[in-house]
């Protein structure tokens, strides 16, 4: 009878299970509870979920244990839930969970600096991936303070800070962070230190490419390749090979741009399909400049299909545009128009900026005017 009298506020989903009919009603009821009562309810809910659902419901356990002020379990489940959210590309949720973990850790003196640094770094990684660069840089700085004295860890974080500066177009700052990374490594020996040097050198080459300093790109790329091959750091090796070819093409030395197939093979072996698609797109561009248009279209199409495979429809649409340009150059205007229209549809659906709409729209004009 008591629940029936409250029927306009609460509904029974199944026997013994009730739900507020509106979130505002739920929030008002929650805000009316004394803090001690709230903590007790969160604790009871968390313990029940933990008994019945275990760690599979880490996100809920993170929330309830945190609000119950059970900080040790909140720290543990928040990190687990953050990692799972990141793996599913739920990056905003992952960031919130890592922040909750760090907030819980403030109440846990026993948490080691290494564990804290890892949580700050994880937060930085997801903030970086969603474009919150200043928040990412702050998280990396916090992590770096905690690993002071560990040159390998410091070099990794300095590299990540450099990448943020490069994304913001601050090339001189980006170069300075890489230089600091090399300096931190100093005379540290071993394969791991050499691998870090390879990563830093490859990234230095990438920044120089963005600045149009192509001879510097080749010099640093060669250094990165030497370090990468000596240390077995395959990702840095692929990066250096890929960037060097780009520089050769920009220098007009197309005959020297022969490294990309090897870079592609490495990225595919590493499972980095997004970068593999980028390499394929660049290889298509190189073939276009060589006048091998049919082969260029094949490479563009391989990159486009790889993008679609990983769910990146927007960059796949740019591959479609590139194929359309080749068809247009070949005089196959109706086929080109269909390609441009498809790319424009994707760009519009994904909410791309107006200049991108106009660019794609303009590319569809030749077929219209030719008619």
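The values are calculated or read from the model by the stated rules, or taken from the named source; none is laboratory data. Keep in mind that what you see is a predicted model, and the values were worked out from it rather than measured. For neighbour counting, all protein chains shown are included, and Cβ atoms are generated from backbone atoms with ideal geometry for every residue, glycine included.
A few notes on this one:
- Note on the range 180-191: residues that are assigned to a helix (DSSP H, G or I), more than 23 Å from the chain's Cα centre (by Cα) and surrounded by 14 or more Cβ atoms within 10 Å (Cβ to Cβ) amount to 4.
- With respect to the conditions (1) assigned to a helix (DSSP H, G or I); (2) over 30 Å from residue 127 (Cα atoms); (3) at pLDDT below 75, residue 11 falls short on a single one, namely (1).
- Condition met for residue 220 (assigned to a helix (DSSP H, G or I), buried (at least 24 other Cβ atoms within 10 Å of the Cβ) and free of Cβ contacts under 8 Å to residues at least 24 places away in the same chain): yes
- So residue 111, is it modelled with pLDDT of 95 or more, closer than 27 Å to residue 64 by Cβ and surrounded by fewer than 20 Cβ atoms within 10 Å (Cβ to Cβ): yes
- Test: residue in the range 87-99 that is in contact with a helix residue (DSSP H, G or I) (Cβ under 8 Å, 6 or more places away or on another chain) and either at positive phi or outside any helix (DSSP H, G or I) (or both): no
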